[in-house]
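Trainee: This is the structure I have questions about; it appears just below.
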Amino acid sequence: MTRKLADAPLHAVKIPPPPDGLSAEAGKLWTDVFEEFELPPHAAKTLHVACQTLDRLRQAQAALAADGITLDGRQGLRPHPAIAIERDSRTAYLRAMREIGLDLELPTNARAPTRWR
């Protein structure tokens, strides 16, 4: 179970270095999570997948920013393939973070959406 280090017994916590091949942003996420939370070994592997997925998400976003959301094809405009990569990467990232127990909490003043009539 993931728990905050402040709730954990006081002991020297060794933060593992980010795995090779991660971007600076994903490496910072890795370090920030380990500075804040105590993760079991299986959760560390899931965090690694989340960091890799974050990198893939950013690559897709960069491709979309450079090329736009449509490309010229033989039969006219077609959606850029990076749209699906961005969507799938975002979903996988959020699922991995939720699997570890690091998904975002609702603000205390959150309320159900109102219905439009």
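Trainee: What is the extension gain from Asp67 to Thr31, computed as 0.36 nm multiplied by their sequence separation minus the C-alpha to C-alpha distance, in nm to one decimal?
Mentor: Stretched out fully, the Asp67 to Thr31 stretch lengthens by 9.7 nm.
Trainee: Subtract the Cα-Cα distance of Gln59 and Lys14 from 0.36 nm times their separation in residues, and report this length gain in nm to one decimal.
Mentor: Length difference between fully extended and current span is 13.1 nm.
All of the numbers you see were taken from the coordinates with simple rules; none came from a lab. Since this is a predicted model, take the numbers as computed values, not measurements.
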